[in-house]
Structure formats: structure tokens, C-alpha cells
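Data block below; observations after.
The values are calculated or read from the model by the stated rules, or taken from the named source; none is laboratory data. Just so you know, these numbers come straight off a predicted model, no measurement behind them. In this analysis, Cβ positions are derived from the backbone assuming ideal geometry, glycine residues included, and neighbour counts consider all displayed protein chains. Each accessible area value is taken on the protein alone, full model and side chains, heavy atoms only, with ligands, DNA and RNA left out. Shrake-Rupley method; radii C 1.70, N 1.55, O 1.52, S 1.80 Å.
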Amino acid sequence: MTRHIVCLTFDFDVMSGWVARGMTTPTPISRGEFGIVGARRILALLARYEIRATWFVPGVIIATYPEVCREVVEAGHEIGHHGWNHVPPAALTREEEEAGLIRGNRAIEELCGRQARGYRSPAWDLSPHTVDLLLAQGFDYDSSMMGDDYTPYRARRGDVAPLEEPFVFGEPTRLVEMPISWSLDDYPHFEFVRTKEAVLQGLMPTAGVLQNWLDDFRYMTQVADWGVLTHTCHPFVIGRGHRMLMLERLIEGLLEQGAAFATMAEAVDEFSGRSRPR
Ligand SMILES: [Zn+2]
């Protein structure tokens, strides 16, 4: 029997992404704050379609907005770990990264009664230690890498990448990787960011992005009997009016094509059940 799963995931950064970049003046903070407006719109939309999603939340945001985060939990959504703050692990020492995982998990446990099963790194940049640390902290899955599109896989540890010699693959671990991609992320399509170093143009009309996203699902139904497609959205990005209409059209279009919506933890369990020897 064929089954095609869609995981809607929301990286609930609010202002933490801007703070991590040192952008702490009132305007970038307010830009992040719009994520609270967006989150409430998203919660209402998901409730209307009875879809449960996965929200990756930095610990500092749980501490800043405990009530909104409780609303997310009470609506039946999964909470994933998104760092204590929004500093990418590759910029941290092993000790700092470990401390952030523990502190973030404490906040998540206080919020929903259990530690997170899943992790997504801020800005999708894992450190060489991340897989080891996630295993040691009891995580079941990560969702930060791009080695496949519709098929979860086992994250490796101990890779070596010599410049002049063939790549050396480390051993696969029990950690399930739920792959993502920038093309299925709202941020690069829609967010306008100007810094001294670069300009991210963003501000794309929604129609083309919607078509790409629906076509990625359509292609999965053509090439795979079972698969998972993961969308990554940020409440402060997707929460704007025309993008909320796009999100609703996406849900409608996916339902028409037979999509089964699931939380990421549910999709991981299904993958693990399928990949266990029978
Ligand atoms: Zn984020």
C-alpha cells in the first residue's frame, strides 16, 4: 500500500535568530516578535484542518513566551529541540553545545512533560560533535541534513573529509535523519535581509513557491511507494497574509493529492517500523 507523509514543521525562532546575530535593536526584535502573531494564525489554520505539526523551539523562546508555547502543546503539536539559543552548533565548543542541549531539554520537559525526541540545529549547521551529543542525550532523530529528500536515513558519525583523498564515511548510528532542503524552507524565498556582507533578496510571489512545493510532493508519489516530505516554515515569515493564504492552498493541494499529515516523531516511528528486519 502506498503512503505519502507530509511533515509541516515550524521553526519558532521569534527574535532568537536576530539576537544570535547581534541584531538587538528594536526593529529586528519586532520583526521576530511578529512570529507570535504568525504562530496564532498558524495554530488556528492547523486546528481547522486537524493537522498536528512539529514545532522546533529554542529554549530561550520557551522561557520568553511560556504561554504561547503552552498553546502549541495543548493543540497537540510536537515540540522539538532547536538549541538553547539560536547560535549554530558549528560556532560552539563541544561543551557549550552539550550545555545548550541539556538546558533546552530541561525547558522542553518543563513545558510538555518529556524531553524532545527530535533536534533541528539553528541555521542547519551541525558541528562535528552534534551526532554524538544527540545520541548521548537520548534523541531519536535529527532534522538538519540534506542527504535525501523523501526517505529518512541513519545519521553517520566519524566522517573524514580529506581534501586530496577519497571521502571516508563514518558508521551509521541509530539516530534517524529526517532530511530537509532550502527549497522547502520559506525563509530564503520570502525573507529580505540586508547586512554589510550580503543581501538576501527574498520577497518572492507565493505562486511559484507553492507550485514547487506541490510538485515535490507529486514527484514523491511518482517515484516512491512510501516517503516523507518535510516543509520548514517560520511563523514570522509564513505568518504574513499572502503567505498564510499560500499555506492554506498548500494544505488543500496536498490533501487533494492524498497526503497524510503527521508529526515528525510519528513519521520517524513509521520509518523505524518499516526498516526493522521482519
Ligand atoms: Zn531557527
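Checked against the criterion of being of a type in the set (Gly, Ala, Ser) and either in contact with a strand residue (DSSP E or B) (Cβ under 6 Å, 6 or more places away or on another chain) or crowded, with 16+ Cβ neighbours inside 10 Å (or both), the candidates ALA155, ALA161 yield just one match: ALA155. A residue that is closer than 21 Å to MET178 by Cα, loosely packed, with under 14 Cβ neighbours inside 10 Å and among the polar types (S, T, N, Q) occurs nowhere in the stretch 259-268.
Pairing each residue of the stretch 6-18 that is within 10 Å of VAL237 (Cβ to Cβ) with any residue that is of a type in the set (Lys, Arg) and within 11 Å of the ligand (Cβ to nearest atom), provided the two are 6+ apart or on different chains, yields no C-beta distance under 6 Å. When the stretch 93-137 is filtered for residues that are within 16 Å of the ligand (Cβ to nearest atom), assigned to a loop (DSSP other than H, G, I, E, B) and in contact with a His (Cβ under 9 Å, 6 or more places away or on another chain), the ones remaining, listed by number, are ALA116, ARG120, SER121. Would you check which residues across the stretch 99-130 are surrounded by 23 or more Cβ atoms within 10 Å (Cβ to Cβ) and farther than 18 Å from GLU78 by Cα and list them? Scanning the stretch 99-130 gives a single hit, THR130. For the stretch 16-58, the set of residues classified as within 16 Å of the ligand (Cβ to nearest atom), open to solvent by less than 60 Å² (accessible area, probe 1.4 Å) and aliphatic (A, V, I, L, M) consists of ALA20, MET23, ILE29, ILE36, ALA39, ILE42, ALA53, VAL57, listed by residue number.
Of ASP132, ASP140, all but one fail to be touching an Asp or Glu at 6+ places or on another chain (Cβ under 9 Å), of a type in the set (Asp, Glu) and modelled with pLDDT of 95 or more; the exception is ASP140.
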